[in-house]
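S.K.: Before I ask anything, here is the structure I am working with.
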Amino acid sequence: MSIREFAAHLGVHERLVSKWEAGGVRVHPRPINQAALDTSLARSDDVVRARFAALIEQQSTDRTAAPGADTRPASGTHANYSSEADLLALIDAGAMRGDALAAISERDLIMAAAHEASDHAGRAESTNVGATTLDQLDADVMRIANDYVSIPPVPMMVEMLRVRRRVYRLLEGHQRPADTSHLYLLAGTLSGLLANASTDLGYYDAAGEQARAAWAYAELCGHNGLRAWTRGMHALIEYWSERPRRAVLLAQSGQEFAESATAKVRLHNIEARIWSKIGSASDTERCVRAADDAREIGEVDDLHDAIGGVFGFNDAKAQYYAGATYIHLGLAEPALAATGRAIDLYANGPSEQRSYGAESLARVDCAAAHLINGSLDGASAALHPVLGLDEDKRIAQLEERLIGVRRRIAAPAFRDASEARFLDERIEEFCGSTAAKGIPPGNSPA
């Protein structure tokens, strides 16, 4: 403050403040003015009070020191601090400036800095995550991702949530940065799995929330494989939510992060499927060609290829996507060829890779292609295994696709056919008891 400002602050005349300043240590204010000064000091913040104490200490040292003597405090003495924590607090507050530094013992300062470094390093080295814990969590994610293709969604969601909650609890503790990044990757993959399960149960808003969480975790750990997969998953959610234009943008943005052949092929197939729903045959064909070219890339990644399952995109799934794409465009023959190959690959491939959901959807698309060709018998044969699925495996996409088949059955060409009426009744019965309808009220999937 200026002299005038300080006088106003205390409530005294500015000439009195000038007299105090000129008189220095010889000045002894009257008791009433000492009280005003004490009150001003008491109302000041910690930094001001610390600076005041340090200056008083320095003045005391200056007065008692012999001429030419070392005025630094002897080792072990303190200037307004009783511990290393107090000294460091004064440094944080910015109180140690100018002459006040002379009141600090060099040894105290050096030792406080050294002790702080060793304490912090010790905490940084500590971790609540061991190698065995991370190995187990990795194994859990791989098991869930691969079991999901053959086990109903609701019990798998319970397992996904159990493992992710364990990851969350670990993240609340302390671990090495590399282990924290690993935990974020696990949280992201589990959120992606939960997004997939939520779509299978028809909860697209919840699925979108899970996908956005998966993306956030992918950003935190900087994992391009998870970024690419999550963009594709989010694109599918928008596609099923009847927002195809946004879905296209998401699928395209995923290519920026796709580093393996599987990631690139999957995203191109997803984009092709969306363009076919929009009705753009040229864009669909462009994406199909791009997917064929991407298959020649030799790179793999540790999510799409090493974990696989839900994160994979094998030939059977690619054929199933192709069938759905051709159905949107109304092309019966290529749809029949693609769905036939998908069904054959699933039926005759490794049992652990047989996805009941994708195979059933391929059969529904196969039935739709038969109806486009006017074959009611072919459609009925294709749907027979689907309509016999257990209720807990009747995912939401099956119900949506079967509604489309019912519309085709209602066409004039099949109106008087008894087989058409019978098939329509069976589809209606199937849709009345799906996996999502089996979830008790109030227990919707997260």
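Only the coordinates and a few stated rules stand behind these numbers; no lab work does. Note that the coordinates shown come from a computational prediction; the quantities given were computed from them, not determined experimentally. Cβ sites come from the backbone with ideal geometry, for glycine too, and all protein chains shown count toward neighbours.
S.K.: If the only charges are +1 at each Lys and Arg Cβ and -1 at each Asp and Glu Cβ, what is the size of the charge dipole of the chain around the Cα centre, to the nearest 20 debye? Intermediate results must be reported in sequence, preceding the final value.
M.R.: Details: 47 positive and 61 negative charges, 238 e Å.
It works out to roughly 1140 debye.
S.K.: Classify the range 338-446 as rounded, prolate or oblate from the Cα gyration tensor: take a ≥ b ≥ c as the square roots of its eigenvalues, call it rounded if a/c is under 1.5, otherwise prolate when a/b beats b/c and oblate if not.
M.R.: The shape class here is oblate.
S.K.: Using a Gaussian network for the chain with springs between C-alpha atoms less than 10 Å apart, which of these wobbles most: Thr39, Thr325, Thr127?
M.R.: Thr39
S.K.: Mean-square fluctuation check for the chain, GNM, Cα pairs under 10 Å: which of Ala337, Ala54, Ala121 is largest?
M.R.: With Cα springs under 10 Å in the chain, the top fluctuation among Ala337, Ala54, Ala121 is at Ala54.
S.K.: Please give the length that would be gained between Ala410 and Ser82 if that part of the chain were fully extended, namely 0.36 nm times their separation in residues minus their C-alpha to C-alpha distance (nm, one decimal). It would help to have the intermediate numbers written out before the result.
M.R.: Numbers: separation 328, 0.36 × 328 = 118.08 nm, distance 8.91 nm.
So the extension gain works out to 109.2 nm.
S.K.: Between Ala381 and Arg169, what is the FRET efficiency for a Förster distance of 56 Å, r being their Cβ-Cβ separation, to the nearest 0.05?
M.R.: On the way: r = 51 Å, r/R0 = 0.91.
E(calc), rounded to 0.05, equals 0.65.
S.K.: Would you give the gap between the C-alpha center of the range 155-183 and the C-alpha center of the range 339-417, rounded to a whole Å?
M.R.: 38 Å
S.K.: State whether the range 148-276 is rounded, prolate or oblate according to the following rule on the C-alpha gyration tensor (a ≥ b ≥ c being the square roots of its eigenvalues): a/c under 1.5 gives rounded; otherwise a/b larger than b/c gives prolate, and the remaining case gives oblate.
M.R.: On the way: a/c = 2.18, a/b = 1.36, b/c = 1.60.
Verdict is oblate for the range 148-276.
S.K.: What do you get for the angle between helix 224-240 and the principal long axis of the chain? Use alpha-carbon atoms, 0 to 90 degrees, nearest ten.
M.R.: For helix 224-240, the angle is close to 50 degrees.
S.K.: With 10 angstrom as the radius, rank Phe422, Phe311 by how many other C-beta atoms surround their C-beta, starting from the fewest. Please report the intermediate quantities before stating the final value.
M.R.: On the way: Phe422 11, Phe311 29.
With the sparsest Cβ surroundings first, the list reads Phe422, Phe311.
S.K.: Shifting gears a bit: Could you work out how far apart the two model spin labels at Glu116 and Glu333 are, taking each label as a point 7 Å from the Cα in the direction of the beta carbon, and quote it in nm?
M.R.: The two pseudo-label positions are separated by 7.9 nm.
S.K.: While we're looking at this one, here's another question. Please compute the contact order of the chain in relative form: average sequence separation of alpha-carbon pairs under 8 Å and at least six residues apart, divided by the residue count, as a percent.
M.R.: Relative contact order of the chain: 10 percent.
S.K.: Quickly work out the Glu259-to-Ile403 label distance, labels modelled 7 Å from Cα along the C-beta direction, and quote it in nm with one decimal.
M.R.: 4.1 nm
S.K.: Where the centroid of each part is defined by its Cα atoms, how far is the range 221-241 from the range 123-142 in Å?
M.R.: 26 Å
S.K.: Between Asn348 and Asp147, what is the spin-label point distance in nm, taking each point 7 Å from the Cα along the Cα→C-beta axis?
M.R.: 3.1 nm
S.K.: Quick check on the chain: helices-only [θ] at 222 nm, where DSSP H runs of length 4 and up contribute -39,500 (n - 2.57) each and the sum goes over total residues. Nearest 500, please.
M.R.: -22500 deg cm²/dmol
S.K.: Taking the Cα centre of the range 301-412 as the origin, how large is its charge dipole in debye, to the nearest 20, when only Lys and Arg (+1) and Asp and Glu (-1) carry charge on their Cβ atoms?
M.R.: 520 debye
S.K.: Given the Cα-Cα distance of Glu242 and Glu5 and 0.36 nm per residue of separation, how much length would full extension add, in nm?
M.R.: Values: separation 237, 0.36 × 237 = 85.32 nm, distance 6.86 nm.
Additional length available on full extension: 78.5 nm.
S.K.: Under a Cβ-only charge scheme (Lys and Arg +1, Asp and Glu -1), can you give me the dipole magnitude of the range 150-288 about the Cα centre, in debye to the nearest 20?
M.R.: The calculation lands at about 160 debye.
S.K.: Computed from these coordinates, which is Cα Rg over 2.2 N^0.38 Å: (1) 0.88; (2) 1.62; (3) 1.35?
M.R.: After the calculation, the listed value that fits is (2).
S.K.: While we're looking at this one, here's another question. Would you please classify the overall shape of the range 275-420 from the alpha carbon gyration tensor, given that a ≥ b ≥ c denote the square roots of the eigenvalues, rounded means a/c under 1.5, and beyond that prolate means a/b larger than b/c while oblate covers the rest?
M.R.: Verdict is oblate for the range 275-420.
S.K.: If you average the alpha carbon positions of the range 1-41 and of the range 265-328, how far apart do those two centres end up, in angstrom?
M.R.: The two parts, judged by their Cα centres, are 82 Å apart.
S.K.: What length, rounded to one decimal in nm, is gained on full extension from Val158 through to Asp302, with 0.36 nm per residue of separation minus their alpha-carbon distance?
M.R.: 49.4 nm
S.K.: Tell me the GluC sites (Glu not before Pro) within the range 229-322 that lie in a loop according to DSSP and have at most 15 other beta-carbon atoms within 10 Å. Walk me through the intermediate numbers first.
M.R.: Working: sites: Glu238, Glu242, Glu256, Glu259, Glu271, Glu285, Glu296, Glu299; in loops: Glu242, Glu256, Glu259, Glu296, Glu299.
Of the GluC sites (Glu not before Pro), the ones in loops of the range 229-322 whose Cβ has at most 15 other Cβ atoms within 10 Å are Glu242, Glu256, Glu296, Glu299.
S.K.: Continuing with this model, one more query. On a 0 to 90° scale, report how tilted helix 204-221 is relative to the longest principal axis of the chain, with both axes built from alpha carbons and the result rounded to the nearest 10.
M.R.: Helix 204-221 sits roughly 50 degrees off the main axis of the chain.
S.K.: Quick one: helix 281-294 against the long Cα principal axis of the chain, what's the angle to the nearest 10°, folded into 0 to 90?
M.R.: Its long axis makes an angle of about 70 degrees.
S.K.: With unit charges on the beta carbon (Lys/Arg positive, Asp/Glu negative), name the residue among Phe414, Gly357, His370 whose Cα is farthest towards the positive pole of the charge dipole of the chain.
M.R.: Phe414
S.K.: Among Gly349, Gly11, Gly208, which one shows the biggest mean-square fluctuation in a GNM of the chain, springs joining Cα atoms closer than 10 Å?
M.R.: Answer for the Gaussian network model of the chain: Gly11.
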